[in-house]
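Taking it in order: structure first as structure tokens, then the write-up.
The values are calculated or read from the model by the stated rules, or taken from the named source; none is laboratory data. The model shown is predicted, which means the values in this text are computed figures rather than measured ones. Cβ: placed from backbone, ideal geometry, glycine included. Neighbour counts: every protein chain shown.
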């Protein structure tokens with residue numbers, strides 16, 4: 001008890017230490033080539049079939065890292081739970097989303113410190129602790145600009161959260177030595193497999209937040225995030241393709257201790273609206289150019305990183321095979337909430353054009369023979385995807401048992417499909433520096449992430465959807 | 001008096017033993033369900049597919065052989081331990097739900113094995129006087 005008091009006092013005093021300052025260069029958000037970054041999107045979680053989804057974080061650095069893990073419902077990105085994880089240098093933390101009576105909950109047996117501390121979680125026994133996803137905070141209220149999606153909602157979807165996605169954000173890092181007594185890094189450091197005092201860190205967040213914040217500087221690219229969707233009873237598992245983003249939360253040059261995105265666990269932050277600076281670096285394969293531009297809103301900058309003119313992938317529903325595509329519009333909530341501009345979203349319901357091909361190159365949208373005039377062009381099939389996380393099914397088979405499903409009605413048992421975004425509004429930004437500095441960069445398409453899911457008897461596999469970028473500068 | 005008392009005690013013990021035996025033979029559905037769910041999973045953990053197959057519905061076994069049954073399962077993780085926690089009769093003599101704790105090990109993408117434990121829920125149905133796994 002005495003030790004605890006001492007720890008708490010020390011947290012409060014640490015702000016006065018001379019801790020120096022980091023010199024860092026402001027950079028623009030980009031997809032990490034190394035799978036290590038500051039912000040990660042796990043595009044889908046599901047417990048609809050009794051699955052569990054494992055999430056694993058690896059701190060690849062010698063720094064103490066404060067992380068925010070946020071779970072969002074698939075209908076409209078409203079937050080259903082978040083908490084902070086304080087990772088000591090080189091620490092690995094894991095836990096899993098599992099079914100519960102009210103939908104889903106997060107369970108962990110990992111001893112790494114969390115805020116709230118484990119004593120505020122439900123003790124599941126054998127060293128495991130859980131926290132339920134919240135279904136009461138938003139109730140039937142959908143996100144601000146999603147009212148016209150209401151027809152697509154049914155109360156089941158939001159009264160029992162079983163599908164959604166997860167974001168993992170580095171709020172800040174600390175280079176304070178883990179031997180500096182009673183600092184957050186000291187308290188979070190594992191000794192004989194257990195952190196020194198997670199309850200003291202929790203106390204610090206609740207009662208000496210300014211001091212806690214002062215011990216961290218802005219985020220660095222140190223976190224690797226992995227996720228697997230597991231069906232334990234069937235012994236099957238797939239890797240969920242995670243988007244790891246680098247340079248997401250960099251406030252500016254010379255950021256030092258106390259300049260960070262550290263937030264209380266009760267606050268939905270940082271998120272897409274906190275991306276800083278509001279700039280992105282996107283490489284376009286089409287013209288082999290790196291587009292670096294600045295935008296009018298942080299979420300728009302993030303959006304351009306994911307923006308694609310089209311997505312394509314394969315499907316197979318022959319025999320016992322089944323396929324689904326998870327299509328997530330990760331910035332929709334934030335961009336739809338921006339007024340007056342909503343680019344690239346023109347409506348809450350995203351219209352999708354389909355180009356379908358079977359394995360013999362037969363297509364649904366073009367004629368392969370000569371035609372008499374007047375020729376009536378075939379109607380391009382369209383889908384309407386109402387949610388932020390959508391699951392496209394094929395041949396009305398729903399292998400993920402998703403309630404966020406829309407059937408492709410593709411007409412072929414096996415083939416590939418390309419989806420376009422005919423109603424997308426082009427996003428524009430101002431090119432940073434270089435010979436094109438000041439020019440207008442234009443990004444077409446929609447911000448989208450996801451993967452195709454394929455299963456046959458006893459086998460399941462996933463692969464990221466393929467994206468086609470279209471960026472130009474004038 | 002002593003002989004009479006001894007006889008009474010022995011008879012009482014015999015009655016209790018008989019009672020236990022009767023429960024063991026006829027059993028009650030909750031205990032039977034837990035035992036069958038536990039035994040099925042112990043067979044699965046041992047990869048004794050023939051034994052595990054015997055808990056499938058009679059109708060399923062008429063249309064699917066043991067190889068088809070085997071193909072329902074993948075090999076992405078290794079089952080380690082099973083513990084039947086409880087059984088709840090949903091509809092008398094028709095359906096029941098069984099909760100079990102399953103421990104397994106999985107190799108995540110970074111190649112590091114991870115031990116995990118989850119609660120799984122199974123629906124069982126009663127047909128031809130016995131309980132069978134329905135899912």
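Picking from residues in segment A:85-95 that are away from chain B (no Cβ under 14 Å) and buried (at least 22 other Cβ atoms within 10 Å of the Cβ), the one that is farthest from residue A:240 (Cα to Cα) is A:88.
Given the structure, is residue A:467 at pLDDT below 85, in a strand (DSSP E or B) and on the phi < 0 side of the Ramachandran plot? The answer is yes for residue A:467. Just wondering, is there one or more residues in segment A:56-75 that are surrounded by 22 or more Cβ atoms within 10 Å (Cβ to Cβ), within 14 Å of another protein chain (Cβ to nearest Cβ) and either touching a residue at least 40 places away in the same chain (Cβ under 8 Å) or touching a helix residue (DSSP H, G or I) at 6+ places or on another chain (Cβ under 9 Å) (or both)? Checked against the condition, which is being surrounded by 22 or more Cβ atoms within 10 Å (Cβ to Cβ), within 14 Å of another protein chain (Cβ to nearest Cβ) and either touching a residue at least 40 places away in the same chain (Cβ under 8 Å) or touching a helix residue (DSSP H, G or I) at 6+ places or on another chain (Cβ under 9 Å) (or both), segment A:56-75 yields at least one hit. Answer yes or no: is there a residue in segment A:234-245 that is under 19 Å from residue A:113 (Cβ atoms), within 14 Å of another protein chain (Cβ to nearest Cβ) and touching a strand residue (DSSP E or B) at 6+ places or on another chain (Cβ under 8 Å). The answer is no, given that none of the residues of segment A:234-245 is under 19 Å from residue A:113 (Cβ atoms), within 14 Å of another protein chain (Cβ to nearest Cβ) and touching a strand residue (DSSP E or B) at 6+ places or on another chain (Cβ under 8 Å).
Residues in segment B:60-86 that are crowded, with 16+ Cβ neighbours inside 10 Å, within 19 Å of the chain's Cα centre (by Cα) and closer than 15 Å to residue B:106 by Cα: 2 in all. The residues of segment B:42-53 that are in contact with a strand residue (DSSP E or B) (Cβ under 7 Å, 6 or more places away or on another chain) and within 13 Å of chain A (Cβ to nearest Cβ), listed by number, are B:44, B:45.
Within segment A:96-125, restricting attention to residues that are in a loop (DSSP other than H, G, I, E, B) and within 11 Å of chain B (Cβ to nearest Cβ), which residue is modelled with the highest pLDDT?
Looking at the filtered set, the residue picked out is A:110.
Among the residues of segment B:54-83, those identified as more than 19 Å from residue B:96 (Cα to Cα) and more than 11 Å from every other protein chain (Cβ to nearest Cβ) are B:61, B:62, B:63, B:65, B:66, B:81. Does residue A:440 meet the test of being surrounded by fewer than 18 Cβ atoms within 10 Å (Cβ to Cβ) and at pLDDT below 90? Criteria not met by residue A:440.
I'd like the residue in segment A:11-54 that is modelled with pLDDT under 85, crowded, with 19+ Cβ neighbours inside 10 Å and part of a loop (DSSP other than H, G, I, E, B) and, out of all such residues, is nearest to the other protein chains (Cβ to nearest Cβ). Taking the candidates together, the pick is A:24.
With respect to (1) out of contact with any strand residue (DSSP E or B) (no Cβ under 6 Å at 6 or more places or on another chain); (2) surrounded by fewer than 23 Cβ atoms within 10 Å (Cβ to Cβ); (3) away from chain B (no Cβ under 14 Å); (4) modelled with pLDDT of 85 or more, the lone exception for residue A:456 is condition (3). The set of residues in segment B:42-82 that are closer than 23 Å to residue A:228 by Cβ and out of contact with any helix residue (DSSP H, G or I) (no Cβ under 8 Å at 6 or more places or on another chain) comprises B:45, B:47, B:71, B:75, B:76, B:78.
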